[in-house]
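Report on one structure; see the data block that follows.
The values are calculated or read from the model by the stated rules, or taken from the named source; none is laboratory data. Please read all numbers here as calculations on a predicted model, not as lab measurements. All Cβ positions, glycine included, derive from the backbone under ideal geometry; neighbour counts span all protein chains shown.
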Amino acid sequence: MVEKVTDLEPFMERFLALGCPCEVLLETANSVLAAEQFAVARQEAARIEKKYSRYLEGNILYRINHSRGHAVKVDEETAALLDYAAHCYDLSDGLFDITTGVLRQGLFLSRIGWEKIHWERPFITLPEGFEIDFGGIGKEYAADRILRLLRQGHEMSALVNLGGDIAASGDRLWSVGIEDATRPGEVARTVHL
């Protein structure tokens, strides 16, 4: 939920992607530019979902998760996400782990662990029965990518909200309402970005 802060009402686009409601706000007086930028946002969200959704067959994540212990060569974008996931694993002492997808198969926690994955750019090898899932970083990555694309060549304030994963930039002070979980539709707190 985003609250108005200035007199210039931002253009807003809402759509569904990445398994959640999304919204993009742009502070511009140019409605044609806003429409073009909204198309860019929707296309990038769809591209990332198609590439990294664990629900779609044939994408890179599917190939990795169904590799049956064989090495899979990944592209630079996927390699960067794997590097970031490894970094998050190290920073959190193993609490953040993209291999937790095996829990969906009823496997034991003792089998989970990034340390059991062999990752050496550009090849990843998962032990038989293991899966990875970018769900813990995918929407955040998508929000950052979309914001970067929106800002290329355009000096406008923008806010990208992908199911609560938010990226914002520009001169505008954005006020974002955090919904009260006990009272749907009510704002529990407001964060200023």
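Observations
- The stretch 18-92 holds helices (runs of 4 or more DSSP H) entirely within its bounds, and those carrying 1 or more residues that are of a type in the set (K, R) and either modelled with pLDDT under 95 or surrounded by fewer than 19 Cβ atoms within 10 Å (Cβ to Cβ) (or both) map to 31-52, 60-65.
- All strands (runs of 3 or more DSSP E) inside the stretch 115-193 with 2 or more residues being exposed (fewer than 15 other Cβ atoms within 10 Å of the Cβ) and modelled with pLDDT under 95: 175-179, 187-192
- Inter-residue pairs, beta-carbon under 6 Å, first at positive phi and in the stretch 61-85, second assigned to a helix (DSSP H, G or I) and surrounded by fewer than 18 Cβ atoms within 10 Å (Cβ to Cβ), 6+ apart: none
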